[in-house]
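The values are calculated or read from the model by the stated rules, or taken from the named source; none is laboratory data. Keep in mind it's a predicted model, so treat the numbers as computed, not measured. In this analysis, Cβ positions are derived from the backbone assuming ideal geometry, glycine residues included, and neighbour counts consider all displayed protein chains.
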């Protein structure tokens, strides 16, 4: 009788473990996914009591930590990475840090304690190197590789550990490409965009987060490079709509790069800066597509950017599905494509390389590899054409 009970309990443990594989931390136990090898403690030889109390075996899972599931672009990376890991037969566990570094750090501690074999980290706090150092120290102490992605981390810190890499983008390039795209559009459509005919384009800039390298670069170069194109065409540089704002941007104070923040800011601004007052905001530049879409919402609420209505040009970054739809509808002009699938496939390949003992950049496009620590996924402009 004890042998039959043991068989049933071991089978139940195996099924439960397989069901957990690939699930989110929010809807499955946080324990590492396992399969009980057939050669370990055959059920017919183990007492039922031992089978019931045996801890779950380590399946060599990949633990993936997202700064938040709520970010539209990050959600697209998550879907693509889940698919890539599923396709490769790699066990994994997703974690939603919900924009809290404290939560993410606790999740990393839990994953390490439960035997994760690779950490994949979309770091919450990007304002200093201390968080990155802390994560690397934890990974190194456990001899676990760590792959940082999307949110920039320091070369100086990452290169302290030979099993640490970063998969992201040349973040300055997005700002440069966006600025050039904006400048070219304005030169071709200047009289239409210049609503009050004063020869100067009044703009608003939406910054996603303070202390974030991507946000800093996009905020700077989105304007600087547009101004270069305008200068070459003999046009005046862009003018921030509020002369009292020395920063020349509006930032999402929650660091969420959110559509809601952009909608609220722009609706408030347009109550004072309007066509009726002859000082209308004539251009919207956003660090990501969520804030661009939020801006479109505010403009449409005011009667703009609809079919047959005046269009205030809106530009973003990411090429999310919502942004592509808005561009197709004519309510948004352009965006910079950040390749979610390319990023996910590269992360999955490096994770497999670490697990299989291969060179960490094996089968990764060499043209995208930077030194011994980084892979840059290329950007592309998107205007729907």
Tally, over region 95-119, of residues that are part of a strand (DSSP E or B) and either touching a helix residue (DSSP H, G or I) at 6+ places or on another chain (Cβ under 6 Å) or outside the structural domain of residue 132 (by TED's automatic domain parsing) (or both): 3
With the checklist (1) crowded, with 19+ Cβ neighbours inside 10 Å; (2) closer than 20 Å to residue 190 by Cα in hand, flag the one item residue 309 doesn't pass. (1)
Exactly one of 245, 196 is touching a strand residue (DSSP E or B) at 6+ places or on another chain (Cβ under 9 Å), surrounded by fewer than 17 Cβ atoms within 10 Å (Cβ to Cβ) and under 23 Å from residue 274 (Cα atoms), and that one is 196
Of the numbered conditions (1) in a loop (DSSP other than H, G, I, E, B); (2) at pLDDT below 95, residue 195 satisfies every one except a single condition; which is it? (2)
The listed residue being crowded, with 24+ Cβ neighbours inside 10 Å and touching a helix residue (DSSP H, G or I) at 6+ places or on another chain (Cβ under 9 Å), out of 280, 332: 332
Could you count how many residues in region 120-139 are under 18 Å from residue 255 (Cβ atoms) and either not in a strand (DSSP E or B) or not assigned by TED's automatic domain parsing to the domain that holds residue 352 (or both)? 11
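Here is a yes/no grid of residues against (1) under 30 Å from residue 154 (Cβ atoms); (2) assigned by TED's automatic domain parsing to the domain that holds residue 160; (3) surrounded by 19 or more Cβ atoms within 10 Å (Cβ to Cβ):
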residue	(1), (2), (3)
294	no, no, yes
305	no, no, yes
320	yes, no, yes
365	yes, yes, no
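Looking at the structure I just gave you, is residue 220 assigned by TED's automatic domain parsing to the domain that holds residue 185 and outside any loop (DSSP other than H, G, I, E, B)? First the steps, then the outcome.
Numbers: assigned by TED's automatic domain parsing to the domain that holds residue 185: yes; outside any loop (DSSP other than H, G, I, E, B): yes.
In short, yes.
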